[in-house]
1. Look through region 46-73, keep the residues that are within 17 Å of residue 29 (Cα to Cα) and among the acidic types (Asp, Glu), and return whichever of them is surrounded by the fewest Cβ atoms within 10 Å (Cβ to Cβ).
2. I want to confirm something. Restricting to region 79-99 and keeping residues that are aliphatic (A, V, I, L, M) and closer than 19 Å to residue 66 by Cβ, which single residue is modelled with the lowest pLDDT?
3. Name the residue that is surrounded by the most Cβ atoms within 10 Å (Cβ to Cβ), counting only residues in region 11-39 that are touching a residue at least 24 places away in the same chain (Cβ under 8 Å) and farther than 22 Å from residue 61 by Cβ.
4. Determine which member of the set 102, 76 is modelled with pLDDT of 90 or more and surrounded by 14 or more Cβ atoms within 10 Å (Cβ to Cβ).
Amino acid sequence: PSHRSGFKPKGLDGNRPTREQIIEMRRYMLLYLKQLVISSSGTQEEELQAILNYLHTVHEDDNLIDVLDMTVNLMSEHPRAMVPAFDRRQGLKTVFKLLASSSEITRLQALKLLGFFLQRSTVK
C-alpha cells in the first residue's frame, strides 16, 4: 500500500509473492468476480454497488485500473442489465470522482465508462 492509504504493511519478513504473481492473482479474482456478476440474477446490483464502493474509496491508481477496466467491460458487454443498475446505484458520482484523478489512464477509463452509460441510457 502507498503511504496515502494510511495502511502499514505487515509481514515483511519471509517469502512474499512477486509483483507479477500478485497481478496474476488479481486478474483471476477479477475474472471470477466478473463471472459472478454476470451469472447472478438477484444480487447483480449489490455486486455492482460493491464495485462502485471500491472505485469510490480507493485512491491508489495501481489498484483502480484493473477494477475500472472490468467495470467498463461489464458495461459494454451487458448494457441491458448494467446500465439500469448503474443508474439506480448512482454510479455517476463514482465516475466524477474518478475524473478528478491525477492519472490519465484512470480518467480515460472513467470517460469510457461514462460513454457506455450515456450511449445505452434512455430518457427518464
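1. Here the answer is 62.
2. First, the residues of region 79-99 that are aliphatic (A, V, I, L, M): 81-83, 85, 92, 95, 98-99.
Going one step further and asking which of them are closer than 19 Å to residue 66 by Cβ, we end up with 82, 95, 98-99.
Details: 82: 89, 95: 96, 98: 95, 99: 95.
Looking at residues that are aliphatic (A, V, I, L, M) and closer than 19 Å to residue 66 by Cβ, I get 82.
3. The qualifying residue surrounded by the most Cβ atoms within 10 Å (Cβ to Cβ) is 37.
4. So the residue among 102, 76 that is modelled with pLDDT of 90 or more and surrounded by 14 or more Cβ atoms within 10 Å (Cβ to Cβ) is 76.
The values are calculated or read from the model by the stated rules, or taken from the named source; none is laboratory data. None of these values were measured; they are calculated from a predicted model. Reconstructed Cβ throughout: ideal geometry from the backbone, glycine too, with neighbour counts over all protein chains shown.
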